[in-house]
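Beneath this line is the structure, given in structure tokens, with notes to follow.
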There are 4 protein chains.
Amino acid sequence: MISFANDYLEGAHEKVLQRLMETNMEQEYGYGSDSFTKQAIENIKELIECQNASVRFLVGGTQTNQIVIDALLDKFEGVLAPETGHINVREAGAIEYSGHKVLTLPSINGKITATSVKEYLDLFNADETKEHMVSPGMVYISYPTEYGTLYTYDELEALSNVCQENGLPLFIDGARLGYGLVSEESEVTIQDIARFSDVFYIGGTKIGALCGEAVVFTKNNEPKHFVSIVKQHGALLAKGRLLGVQFLELFTDNLYFDISRHAVAMSLKIKQAFLDKGYELFFDSPTNQQFIIMTNEQVEKLKQHVSFAMWERYDDNHMVVRFATSWGTLEKNVDELITYI
Amino acid sequence: MISFANDYLEGAHEKVLQRLMETNMEQEYGYGSDSFTKQAIENIKELIECQNASVRFLVGGTQTNQIVIDALLDKFEGVLAPETGHINVREAGAIEYSGHKVLTLPSINGKITATSVKEYLDLFNADETKEHMVSPGMVYISYPTEYGTLYTYDELEALSNVCQENGLPLFIDGARLGYGLVSEESEVTIQDIARFSDVFYIGGTKIGALCGEAVVFTKNNEPKHFVSIVKQHGALLAKGRLLGVQFLELFTDNLYFDISRHAVAMSLKIKQAFLDKGYELFFDSPTNQQFIIMTNEQVEKLKQHVSFAMWERYDDNHMVVRFATSWGTLEKNVDELITYI
Amino acid sequence: MISFANDYLEGAHEKVLQRLMETNMEQEYGYGSDSFTKQAIENIKELIECQNASVRFLVGGTQTNQIVIDALLDKFEGVLAPETGHINVREAGAIEYSGHKVLTLPSINGKITATSVKEYLDLFNADETKEHMVSPGMVYISYPTEYGTLYTYDELEALSNVCQENGLPLFIDGARLGYGLVSEESEVTIQDIARFSDVFYIGGTKIGALCGEAVVFTKNNEPKHFVSIVKQHGALLAKGRLLGVQFLELFTDNLYFDISRHAVAMSLKIKQAFLDKGYELFFDSPTNQQFIIMTNEQVEKLKQHVSFAMWERYDDNHMVVRFATSWGTLEKNVDELITYI
Amino acid sequence: MISFANDYLEGAHEKVLQRLMETNMEQEYGYGSDSFTKQAIENIKELIECQNASVRFLVGGTQTNQIVIDALLDKFEGVLAPETGHINVREAGAIEYSGHKVLTLPSINGKITATSVKEYLDLFNADETKEHMVSPGMVYISYPTEYGTLYTYDELEALSNVCQENGLPLFIDGARLGYGLVSEESEVTIQDIARFSDVFYIGGTKIGALCGEAVVFTKNNEPKHFVSIVKQHGALLAKGRLLGVQFLELFTDNLYFDISRHAVAMSLKIKQAFLDKGYELFFDSPTNQQFIIMTNEQVEKLKQHVSFAMWERYDDNHMVVRFATSWGTLEKNVDELITYI
């Protein structure tokens, strides 16, 4: 059965696998000191136009969120995040496991505003007993969001400003970064992401790699002894080359963005098909995920042919369902899906 | 320069990479519910002759040690381990990070004895204020040890018995399991390992895989909600297939053991060459690591041609150095090494 | 200046101090094995009519919340609580520090409903990827709430039932338990509290003691090695007699409830005085805290004579302020306060 | 039965209790901002001749060790300590619970040397893979030690120097500080303790108070947001006055040292009596604890009249036992003890 259940259904882009094959028997140092990792870091720093950046490769998204947040926060601090943020709802308490509270802000279409951050800080700072509360120590957002939506340039700039003014690092979860940046509705570039954030990551797991996320500290602000912290979290890969080689290929000849474009094109084709048939969107997403409102009957019928994700109940008769595309989505599968709707 | 610096210098065995290529575009569920993972689990359960076992794949060794120990211990418990155990010295405090104390026992050639475990427990239980001490909650050993040495059948059986009699799970770190089991001096089989332990893991990172360790709970004792615990530690791989496919290939047609045999043969060839030249061994290792005592001058000279690990200072004029082989070691490199010594 | 700023402004009730004096030089074992502690435990068990209960004394409220929740939850579980619950907002992240997420439910007047607990559980259990979420492992409420309000008998019974049906321990924070139970509007007795909850505590710090909270596990459910857990949290008092003696006196001849009654009488006198002068209540509290809406000018004026707590901004021209009474509140101070309003 | 089982057998010195009585009904702010606490802090700062010090009061010793160490260490760091140190053996894993490894050094009579610290650091710094090890982040010692022994002036100065040269804070556990300082064999004063250490604490629980330890950060180095950290650990006392009043009395008119002198005099009287009868000492302690070697028969006989602590087995026929005195020890009890030996 064809599947649009998520964006990690296949292995890796063939060029990535090919590069793993070609480099396989070269003897290299471990733990990220291999030559592929070094070259991949250079390529990324050049791309984002930020020579002071430091880049580290980790294996997965939750791991990255946990380690970055734990490394940046002081022990008594928490992280401000949208109530719908991945760290708040879908990471099995990984942030709390590392001792930190997720301080939630109301989210609209998966996004928070600079205003809501400011109001939170004002209330906190005005509190006479704020020593009894968790200090907000950084801000976490996703680009694109968990709902496929995008912050505008102005929204990101305002968030960046409020963070900078209050000494809070801004952390952008880019598990699907490519799918956001290549959208025609994206108002920001990866250089903007680097400029606006204090740390962000470039998701590989969902975009072309077998696994891997590239963490970028953009302001000469890598936490000291970061390798020890990664090791302490059990996240230091012995064969760091596995990550280095993959990101090296993804960031050679624009592969990362080219394959992201394919995913978004497939996603928009699906969206248009649903709109043409009169379906309603739950979010109007310009990226690689589409959230569609369907009757329960439509869901049951489509499930016989296609795999997709149940998102949430809309009302007694309707469900919100999600169709995700990726670098690996075959257009013939999209066409087949469209025949069923 | 040729290298014997460690046992994770190359990528993966070519058959493993080949299998990743062949299965690459098949759409599969994530998080370990893919068909490759399922088949790999079946193969391992059949091999170890333990149908009640549960098998889970994780990415790396420190991660595995941290998660298994944290999942099995109660909050107020610690883990008994050799003072030279990997978890005590080389994991950047990963066990303590998860809240547990490593309770050390004296180690001889990297090994502890059932007697020392028993004595520890007797002293603990006799203490009037033992509620003020960390309760020993499990025992951790490595097979082979960090020094390449092996427990005898009787030693393992005695450890297993003392653990069982005292209600302590016995956890065997098998980061180099294959290199131990295929040694001609090994008195135990993988079935024995499964029988004697409550949980052990089959190391893939050092034996043929890009990454991956297969954790086996042998006594119908997988901690409940283990997947949530793995996720909470940031260790749940989205594309679980990456681990499943690799272990499926390693445990098809005996590949895991065949490639382990090659590594040990290369290691013994190196050992014999050093002995022939009159060098002394620091440990007499029958597995894939050789620890040689060299004069400082010999070290300096050899370093010009070969990469290897400085282990520790032996005395003012001598060093202990380590040569590691692996599935990927080329015999021509071994021969070249021998020409230099 | 007279103060109604909180309910821990004075030391301890004179009878409590007297008992400390009288017993001072008796030699006793430490860590809670003294004879006073044993007798206090018996008195409490008799009072609550629950001979299977186990009682432990801890020093403070946040400490008690942290230890009880950490001891009862499995590592991957979180605690359901009102969004306004003390553990969620005023404990500096003590719950998260111990690795657990506070899962918030909407609160009305500081209370949650059995229905909201049930809905949370239903949504959680229906989620296909619930292994990626924090499992709700217990429910936390306060009696009286942080806003001085009380659950009705039916509300508590319904919460107790939904917890029992779903295997979730119900934990009642009784930092101000006496002030709730003696209220004329209280529909429950301490025996009901013991019956409806799986664990609760009887606050001493705010009711007559220098420090101390009596934790009661009511269902033969004290976590094993609880003393070790308390020690591990740094909370095991060497001179456990300090807590034992105080609770022994508080639970001799009904002292705890008698002094609670005084506090509530003083509180209601203050409330009536404000109502008589036409002030509006923010919450209609029948216990020892009163939340009054005042104009900013009224606040400024009153602050010159009386100390009280700024609670929150009501609107541009009004504040919510709090007046707390306790066992130690002097009626002449209440009368003086009334002259100013 | 008379008891020398430990040094927390009685309540508090009568003057301390008297002061609690006298101040009982004064209304004061909570959490350590009361006037007694402020005055106690001033008295201590004046005594130690260190106006830049900051002083905080906590409830107990393990709590203090956990909080100070957790607050001073970076997340990836551990604490160097004697293998016999209280934090390593008698705190139920409280340090590991807060995520930090105790890095042990060999101890002689409960003490470590500057040389052993230096050697540890040299080995650590020389290690090529030290990022995989726990970084030593501070040094913990006790004065007097758990065995009643004392560091000489030179030993302390050398430890202080090696710590300073390597950027490691030196933390002195002073749970029995008074009993050490008033010993005639003490070569250091409390001013020296303040000068040599970066942080130390003045034990109250064992010397005159119901509970309480005064933590002194001596080098303008109180960790930022220390109150939040204390709260997060569940250790912030609502009625901070309980600690403030007690330390105020202890540090008025030299009470702390006067009562310490009594304890040591009683201890030396016991020691002399044992020596006179031909018993051997296990440690030659000049402070308030005496460790005596007794035959098993002698132990059994004495146990019928006196309570004391079993320390450890000496050989098949002998035990090491401990007699502790305190501010509260009655000389008539000492005389009675002597009649039995």
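Please give the average number of partner chain Cβ atoms lying within 10 Å of the Cβ of each residue in D:207-214, rounded to a whole number.
3
Carbon and sulfur together cover what percent of the accessible area of segment D:14-254 at a 1.4 Å probe radius?
Reported share for carbon and sulfur atoms: 45 percent.
Say R0 is 60 Å: what FRET efficiency, to the nearest 0.05, do D:Q272 and A:N221 get from their beta-carbon distance?
Working: r = 63 Å, r/R0 = 1.05.
Computed FRET efficiency for D:Q272 and A:N221: 0.45.
Could you check the simple spin-label distance between D:R313 and D:D284, using points 7 Å along Cα→Cβ, in nm with one decimal?
Here the modelled spin labels are 2.9 nm apart.
Past 31 Å, Cα to Cα: identify those pairs from A:K130/C:K101; C:K45/C:K130; B:K15/B:K38; A:K101/B:K111; A:K219/D:K130; C:K219/C:K239, in the order given.
Violating the 31 Å limit, Cα to Cα: C:K45/C:K130; A:K101/B:K111.
Where in chain A are the DSSP H helices whose alpha-carbon span along the long axis reaches 24 Å or more and whose Kyte-Doolittle mean is at least -0.5?
Qualifying helices: A:255-276.
Working only with C-alpha atoms, what are the Rg and Dmax values of segment B:14-254, expressed in angstrom?
Rg then Dmax for segment B:14-254, in Å: 17.7, 62.
Give the separation of the Cα centroids, segment C:112-185 to segment A:301-327, in Å.
33
Compute, for segment A:209-277, the length of the dipole vector about the Cα centre, with Cβ point charges of +1 (Lys, Arg) and -1 (Asp, Glu) only. Units Debye, rounded to 20.
200
Mind ordering C:236-248, B:155-167, A:146-158, B:66-78 by average Cβ neighbours within 10 Å, highest first?
Going from most to least packed, we get C:236-248, B:66-78, A:146-158, B:155-167.
Among D:S54, D:T113, D:L103, pick out the residue whose Cα is farthest towards the positive end of the charge dipole of segment D:14-254, where Lys and Arg carry +1 and Asp and Glu carry -1 on C-beta, about the Cα centre.
Positive-end residue among those listed: D:S54.
Suppose R0 equals 25 Å; then what is the FRET efficiency for D:I108 and D:F257 from their Cβ-Cβ distance, rounded to the nearest 0.05?
That gives a FRET efficiency of 0.35.
Mind running the shape call on segment B:105-187? Use the C-alpha gyration tensor, a ≥ b ≥ c as the square roots of the eigenvalues: rounded below 1.5 for a/c, prolate if a/b tops b/c, oblate otherwise.
prolate
In peptide B:47-60, how many Cβ atoms from other protein chains are near each Cβ within 10 Å, on average?
1
List the distances, in nm and shortest first, from the label point of D:N317 to the matching label points in every other copy, placing each point 7 Å from Cα along the Cα-to-Cβ direction.
Taking the point 7 Å beyond Cα along Cα→Cβ, the inter-copy spacings are 4.9, 9.4, 9.6 nm.
Taking Cα pairs under 8 Å and at least six residues apart, what relative contact order does segment A:14-254 come out at, in percent?
31
Enter the buried accessible area of the C/D pair, total of both sides, probe 1.4 Å, in Å² rounded to the nearest 100.
Summing both chains' loss of accessible area gives about 4300 Å².
Dipole of segment D:14-254 (Lys/Arg Cβ +1, Asp/Glu Cβ -1, origin at the Cα centre): which of D:F36, D:V216, D:A194 lies farthest to the positive side?
Going by the Cα projections, it comes out as D:F36.
As a check on your reading of the symmetry: which chain D residue has its Cβ nearest the axis that brings D onto B, and how far is it in Å?
Nearest residue, distance rounded to whole Å: D:E96, 2.
Would you compute, from DSSP H runs of 4+ residues alone, the mean residue ellipticity of the protein assembly as shown at 222 nm, taking -39500 (n - 2.57) per run and dividing by the full residue count, rounded to the nearest 500?
Calculated mean residue ellipticity at 222 nm is -12000 deg cm²/dmol.
Which whole-number value in Å² is the accessible area per residue of the protein assembly as shown, probe 1.4 Å?
36
Please compute, for peptide D:181-190, the average count of beta-carbon atoms on other protein chains lying within 10 Å of each residue's beta-carbon.
Taking all residues of D:181-190 together, the mean is 0.
Along the positive direction of the dipole of chain B (beta-carbon charges: Lys, Arg +1; Asp, Glu -1; about the Cα centre), which of B:L236, B:F274, B:A81 reaches farthest?
Toward the positive end, the furthest listed residue is B:L236.
Can you compute the charge dipole magnitude of the protein assembly as shown about its Cα centre, using +1 on each Lys and Arg Cβ and -1 on each Asp and Glu Cβ, nothing else charged? Give it in debye, rounded to the nearest 20.
Computed charge dipole of the protein assembly as shown: roughly 0 debye.
Report, for C:Q304, each distance to the same residue's label point in the other copies, shortest first and in nm; define the point 7 Å along Cα→Cβ.
7.8, 8.2, 9.2
Treating only the Cβ atoms of Lys and Arg (+1) and Asp and Glu (-1) as charged, compute the dipole magnitude of segment D:14-254 about its Cα centre; round to the nearest 20 debye.
760
Indicate the gyration tensor shape class of the protein assembly as shown (rounded, prolate or oblate), computed on the Cα atoms with a ≥ b ≥ c the square roots of the eigenvalues: a/c under 1.5 is rounded; otherwise a/b larger than b/c is prolate and the rest oblate.
Oblate shape, in that a/c is at least 1.5 and b/c is the bigger or equal ratio.
Run the numbers on segment C:187-338 and let me know its relative contact order in percent, using alpha-carbon pairs under 8 Å that are six or more apart.
It comes to 19 percent, rounded to a whole number.
Run the label-point distances for D:N161 please: 7 Å along Cα to Cβ, every other copy, nanometres, shortest first.
Taking the point 7 Å beyond Cα along Cα→Cβ, the inter-copy spacings are 5.6, 5.7, 7.6 nm.
Please say if segment A:111-266 is rounded, prolate or oblate, where rounded means a/c under 1.5 for a ≥ b ≥ c the square roots of the C-alpha gyration tensor eigenvalues, and otherwise the choice is prolate for a/b larger than b/c and oblate otherwise?
Values: a/c = 2.52, a/b = 1.37, b/c = 1.83.
The shape class here is oblate.
The values are calculated or read from the model by the stated rules, or taken from the named source; none is laboratory data. Everything numeric here is computed off the predicted structure, so don't read it as measured data. When we count neighbours, we look across all protein chains shown, and the Cβ atoms used for this are built from the backbone with ideal geometry, even at glycine. For accessibility, only protein heavy atoms count, side chains too; no ligands or nucleic acids. Shrake-Rupley method; radii C 1.70, N 1.55, O 1.52, S 1.80 Å.
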